[in-house]
Amino acid sequence: MNILVCVKRVPATGGRVTLTGDGLAIDARFLSFTISPHEECAVEEAVRLVEASGGGTTTVLTLGAEAAADQLRDALAVGMTRAIHLVTDGEDWDPMATAAAIVGVVRADAAEGFDHDLVLFGNEAADSGDYQVPIRVAAALDRPWLTGVKGLDVEGTSVRARRDGTRGQEVYHVPLPAVLAVREGLNRPRYPSIPGRLRAKKVAIMATRPERQVGGPTMIRLRVPDEEDAQVHVLGTGAEAAPAVVDLLESLGLVNP
Amino acid sequence: MSGLGAGAVIVFVEHATGEPAPASLAALAVARGLADALGAPLEAVALGEGAVAAASALGAHGLGVVHVAHDDKGDAGRPFDTPALPGRLLAHLLVTNAPRALIAAATARGTETLAYAAALTNLPLAAACTQVSAADGEDPARALSVTRLRWGGSVLEEARLDGATVLLTVADGAGADGAVPAPPAGAPRIITLADEGGQPDTRVRLVERVASAAGGVSLAEARVVVGGGRGVGGPDAFGLLEELAALLGGTVGVSRVVTGAGWRPHSEQVGQTGTRISPDLYIACGISGAIQHIVGCRGARAILAINTDRDAPIMARATYAVVGDLHAVVPAIIAELRRRGATPGA
Ligand SMILES: Cc1cc2nc3c(=O)[nH]c(=O)nc-3n(C[C@H](O)[C@H](O)[C@H](O)COP(=O)(O)OP(=O)(O)OC[C@H]3O[C@@H](n4cnc5c(N)ncnc54)[C@H](O)[C@@H]3O)c2cc1C
Ligand SMILES: Nc1ncnc2c1ncn2[C@@H]1O[C@H](COP(=O)(O)O)[C@@H](O)[C@H]1O
């Protein structure tokens, strides 16, 4: 079986966010980069499914700046086999433009004999949280889709996919080829091995510069919400603080004295 | 293209068989604010079993027009257990009525439904908005300005949404300020949505519902959450946190480092890609306070941080703190609770 997984490079912010001077991006000068945990699970699932099906390809795709090749290498290092880079100048593409470019890849791959039985996405991108690229891709390709997926089993020409619903878990039958947006918790991603890293270095990444379609929302500026920095009340140091903590629990009404 | 709903602001109302969902009513308040600002009519749409009852209930919220499609007997028996159908019906409504905006709550269902409607009609969708208004100095029939959540809410984005018809979802907690009072209640006009045309798309089928295991305090609703992070050091020491949680009638939550290491299941993860919690007290033990964790616990009334590092980011978000090794502090708290014979508060 052939599986395509789409991942997005994002800065790995820590305890605080700092914006660039123009307020259009996170200041990432001192940050490392990563992908969403949802997407890490999509990568892991693709590797496992193709291993289990005994053949096929796993392709990882990203649309982003030159440096996003790092995230493709990370995915190759845990066992993906092909990588496609839609290179941009680094500006954020809106979800309509992103989806259109990804649809172009699925069609081009199909023309070259890589028919993707599954196209896997993260449920939402870590940074923009647009919640729509997977569904736009599915609609354009007229493929069945499901979002929020937290468990999946391939059964011949369909998958059984589970997700959390409002009244417990829902299980769906989804015929292949399909588009699934998955959530963290689907599996526990492996860490790359040293041989995996070495192998990843040797894979040739297919890079192209896509045409950008216009249409989606236009970002004007970012803002960090004013969080009143709480004046933290230090109750004490070490075990000696225990009586003060229990006093607090009593005063909050969380325990009966 | 004109007709009844032309230029209207339409809200997609989710309902539990007839009872409008609180999140949808919050989205309705935001939609009402927009409709008033634009001088546009406000309408609603409700789908599935109980849609007609939901429409009647919406009369009490001042809605004069509600579009419905339902699978009660007598209707076409549309398969509402396939995720594609609601989006197809809304896409049809978008095409026939050309509303100014289609708005839903940013729930999983609301989001997925609007995303599919937007995809089918090739219209823009802004997700997780906290504010929406006419754009400054622009034709309100062509451009709206929105504020929306990024990074799970740790960053806000101001954006312009161009187009004569646009879609947006309203983030949880939005719409509190500047709420517009609802006009007097009445019986709304109920309009049955025309069939979306063609064969219904039933490729994706709901085949089973598994009820969540009963018992235990749910993380999202717990009154006290005892959180553990990398500082806990391994799976075994979580026994301590469980013991403290039990004494307080609460439950355990964890950071992503903990689930990533396999010490605890992902269902316990608090944060951007885990669960959002809103307890009266969150006791964060050995957790640094990365923004992706904080967005999951900012709903807590108070945070007590237990951390060896006086300068950890969590300290800037916490109400109370104990500086020290959790392996000494937590057992001492448990011992003190036992000594005083404390029981969980009512
Ligand atoms: C897109 C994205 C989504 C994410 N989603 C989530 C999410 O949903 N939830 C989440 O939690 N994280 C999430 N993360 C990860 C997040 O960025 C942090 O890596 C993670 O929250 C850190 O976990 P931690 O605080 O346990 O570990 P660390 O950051 O390593 O902090 C450990 C803390 O423990 C303290 N400590 C150490 N020993 C002790 C001791 N003996 N006693 C007391 N204190 C001690 C240290 O001083 C330190 O402050 C996400 C990241 C990304 C990029
Ligand atoms: N620039 C991108 N490159 C590759 N995949 C992307 C990109 N943007 C979004 N995606 C995919 O679409 C999913 C949902 O993104 P979104 O709809 O933007 O929240 C992400 O988790 C990715 O799998």
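Anyone know which of A:Val234, A:Val60, A:Val171 comes out most mobile in the 10 Å Cα GNM of chain A? So, out of A:Val234, A:Val60, A:Val171, the one fluctuating most is A:Val234. The phi-based Karplus calculation (6.51 cos²θ - 1.76 cosθ + 1.60; θ = phi - 60°) puts the 3J(HN,Hα) values of the stretch B:300-310 at 5, 5, 9, 10, 10, 9, 10, 8, 6, 9, 4 Hz, whole numbers, x for Gly and Pro. For chain B, the longest principal axis of the alpha carbon atoms and the long axis of helix B:326-339 meet at an angle near 80°.
Be a star and scan the stretch A:81-106 for residues whose amide nitrogen sits under 20 Å from the point 7 Å along the Cα-to-Cβ vector of A:Ser53. Backbone N within reach: A:81-84, A:103-106. Could you tell me how many degrees, from 0 to 90 and to the nearest 10, lie between the Cα long axis of helix B:84-97 and the main elongation axis, the longest principal axis, of the Cα atoms of chain B? Long axis of B:84-97 versus the principal axis of chain B: about 40 degrees. Normalised by the number of residues in the stretch A:2-208, the mean separation of alpha-carbon contacts (under 8 Å, six or more apart) gives a relative contact order of 26 percent. With a cut-off of 11 Å between beta carbons, the residues surrounding A:Arg136 carry a summed charge of -2, where Lys and Arg count +1 and Asp and Glu -1. Using a/c under 1.5 as the rounded threshold, could you call the stretch B:112-153 rounded, prolate or oblate? The axes a ≥ b ≥ c are square roots of the C-alpha gyration tensor eigenvalues, and prolate needs a/b larger than b/c, oblate otherwise. The shape class here is oblate.
Summing charges over all other residues whose Cβ lies under 12 Å from the Cβ of A:Pro243, with Lys and Arg as +1 and Asp and Glu as -1, gives -2.
Helix B:22-38 axis versus longest C-alpha principal axis of chain B: approximately 50°, rounded to the nearest ten.
With r defined as the distance between the Cβ atoms of B:Asn122 and B:Ala346 and R0 fixed at 56 Å, what FRET efficiency is calculated, to the nearest 0.05? Can you show the working numbers first?
Working: r = 55 Å, r/R0 = 0.97.
In this case the efficiency is close to 0.55.
Its relative contact order, with pairs defined as Cα atoms under 8 Å and 6+ residues apart, puts the stretch B:103-233 at 22 percent. Buried area at the B:A interface is about 7300 square angstrom, summed over both chains, from accessible surfaces computed with a 1.4 angstrom probe. For the options A:Gln169, A:Gln132, A:Gln231, a Gaussian network treatment of chain A with springs between C-alpha atoms closer than 10 Å singles out A:Gln231 as fluctuating the most. Accessible area per residue (1.4 Å probe, heavy atoms of protein chains only) ranks A:Glu51, A:Glu124 as A:Glu51, A:Glu124, with the largest value leading.
With a length cut of 20 Å (Cα positions projected on each helix's long axis) and a Kyte-Doolittle mean of at least -0.5, go through chain A and give me the DSSP H helices that pass.
Taking the DSSP H segments of chain A (at least 20 Å long, mean hydropathy at least -0.5), we get A:37-53, A:95-111.
How large is the charge dipole for the protein assembly as shown, taken about the Cα centre, if only the Cβ atoms of Lys, Arg (+1) and Asp, Glu (-1) carry charge, to the nearest 20 debye?
Working: 52 positive and 67 negative charges, 167 e Å.
The calculation lands at about 800 debye.
Given a Förster distance of 25 Å, report the FRET efficiency between A:Arg199 and A:Ala12 from their Cβ-Cβ distance, rounded to the nearest 0.05.
The formula returns an efficiency of 0.55 here.
For the residues A:Leu63, A:Leu120, A:Leu152, a GNM of chain A with alpha-carbon springs under 10 Å puts the largest fluctuation on A:Leu152.
Between the stretch B:104-144 and the stretch B:255-323, what's the alpha-carbon centroid distance in Å? Spelled out, the Cα-based centre of one part sits 32 Å from the other.
By the helix-only formula, in which each DSSP H run with n ≥ 4 contributes -39500 (n - 2.57) and the sum is divided by residues, chain A has a 222 nm mean residue ellipticity of -8500 deg cm²/dmol.
Within the set of other residues whose C-beta is less than 13 Å from the C-beta of A:Leu152, count the net charge using Lys and Arg as +1 and Asp and Glu as -1. Walk me through the intermediate numbers first.
Details: positive: A:Arg48, A:Lys150, A:Arg160, A:Arg162, A:Arg163, A:Arg183; negative: A:Glu44, A:Glu45, A:Asp117, A:Asp153, A:Glu155, A:Glu170.
Every neighbour counted, the sum reads 0.
For the pair A:Asp22 and B:Ala335, label points projected 7 Å from Cα toward Cβ lie 5.9 nm apart.
How many Å² of accessible area per residue for chain A, probe 1.4 Å? Could the numbers behind the result be given before it?
On the way: 11200 Å² over 257 residues.
Value for chain A: 44 Å² per residue.
Of all beta bridges that DSSP places with both ends in the protein assembly as shown, some 40 percent have antiparallel geometry.
Projected onto their three principal axes, the Cα atoms of the stretch B:77-183 cover extents of 44, 33, 30 Å, largest first.
Between A:Ala207 and A:His85, the built amide H atoms are under 5 Å apart, and every one of these is 5 or more places off in sequence or on another chain. Amide H contacts of A:Arg221: B:Glu158, each under 5 Å away and 5 or more positions distant or on a separate chain (H built 1.01 Å from N in the peptide plane; Pro and chain starts excluded). Cβ-Cβ distance of A:Asp115 and A:Glu240, R₀ of 51 Å, FRET efficiency by 1/(1 + (r/R0)^6): the value works out to about 0.15. The simple spin-label model puts a point 7 Å past each Cα toward its Cβ; for A:Phe33 and B:Thr17 those points are separated by 5.1 nm. DSSP beta bridges confined to chain B are antiparallel in about 25 percent of cases.
Solvent exposure of A:Glu240, expressed as accessible area, is near 150 Å², computed with a probe of 1.4 Å over the protein chains only.
Cα centroids of the stretch A:175-194 and the stretch A:234-254: 43 Å apart. Indicate the residues belonging to the stretch B:155-173 that lose 30 Å² or more of solvent-accessible heavy-atom surface (probe 1.4 Å) upon moving from the chain alone to the assembly of all protein chains, ignoring ligands and nucleic acids. Listed in order, they are B:Val155, B:Leu156, B:Glu157, B:Glu158, B:Arg160. Distance between the modelled labels on B:Glu221 and A:Glu91, one decimal in nanometres: 4.8 nm (7 Å Cα→Cβ projection). Considering only GluC sites (Glu not before Pro) in DSSP loops that have at most 13 other Cβ atoms within 10 Å, the longest stretch of chain B without any of them is B:1-137.
Pairs of Cα atoms nearer than 8 Å and 6+ residues apart set the relative contact order; for chain B it is 14 percent. Take every DSSP beta bridge whose two residues both sit in the stretch A:2-208, then give the antiparallel share in percent to the nearest 5. Among the beta bridges of the stretch A:2-208, antiparallel pairing accounts for roughly 45 percent. Which of the residues in the stretch B:105-139 show a loss of at least 20 Å² in accessible area from their chain by itself to the complete set of protein chains, at a probe of 1.4 Å? Listed by number, the residues meeting the 20 Å² cut-off are B:Thr111, B:Glu112, B:Ala115, B:Tyr116, B:Ala119, B:Asn122, B:Pro124, B:Leu125, B:Ala127. To put it simply, the accessible area of chain A at a 1.4 Å probe is 52 percent carbon and sulfur. Tell me whether the protein assembly as shown comes out rounded, prolate or oblate; compute the Cα gyration tensor, take square roots of the eigenvalues as a ≥ b ≥ c, and use a/c under 1.5 as the rounded threshold. Verdict is oblate for the protein assembly as shown.
The values are calculated or read from the model by the stated rules, or taken from the named source; none is laboratory data. Just so you know, these numbers come straight off a predicted model, no measurement behind them. As a convention, Cβ positions derive from the backbone with ideal geometry for all residues, glycine included, and neighbour counts pool all protein chains shown. All accessible areas refer to the heavy atoms of the entire protein, side chains included, with ligands and DNA or RNA removed. Shrake-Rupley method; radii C 1.70, N 1.55, O 1.52, S 1.80 Å.
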